[in-house]
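The values are calculated or read from the model by the stated rules, or taken from the named source; none is laboratory data. Model, not experiment: these values are computed from the prediction. Here the Cβ positions follow ideal geometry from the backbone for every residue, glycine too, while neighbour counts run over all protein chains shown.
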Amino acid sequence: MTIETAAAPPAPPTPTPDEDSAPYWAALAEHRVLLPICDSCSARHFPPTPACPHCGHPHTHWEEVPATGSVYSFITVHRAFDPAFADQVPYVIATVDLQAGVRTVGRLSGTPAIGARVSPEFTDHDGWTELRFRVVES
């Protein structure tokens, strides 16, 4: 008699940090959020880029920011785009306006609504950490 075990779902795709984004990913692993800030015009921007998207200046520094904000938009995913997520559908992906002044995207838990306040959730995967968000229920 043989006992069959279910195969584990495949791992989600792993991000590949580059020179510009490495500090962001390293901070996420510590459950912190860092954003690049232009040394010339002081604008924060995301995603990290080789030069400021506002003024073109090539030098930035990094600043830790709270990952709180509000939902700008959201979608509910009913069909997984990758087999690693097949057992998780449906799930919500939200565009979030961070209080720090940038817009980002992440998985959202809780009841989605435009304008809903969110707080960060850090999900550790094998070798990397994902920034997700949770609706702050009032």
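At-a-glance table
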item: Val136 at pLDDT 95 or above, buried (at least 16 other Cβ atoms within 10 Å of the Cβ) and not charged (D, E, K, R); result: no
item: Residue count, region 77-111 (criterion: part of a helix (DSSP H, G or I) and either free of Cβ contacts under 8 Å to residues at least 60 places away in the same chain or among the hydrophobic types (A, V, I, L, M, F, W, C) (or both)); result: 4
item: Flag if Glu130 is more than 16 Å from Val33 (Cβ to Cβ) and charged (D, E, K, R); result: no
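Residue by residue, here is whether (1) of a type outside the set (A, V, I, L, M, F, W, C); (2) surrounded by 18 or more Cβ atoms within 10 Å (Cβ to Cβ) holds:
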residue: Val77; (1), (2): no, no
residue: Ala80; (1), (2): no, no
residue: Asp87; (1), (2): yes, no
residue: Val92; (1), (2): no, yes
residue: Val105; (1), (2): no, no
residue: Ile114; (1), (2): no, no
residue: His125; (1), (2): yes, no
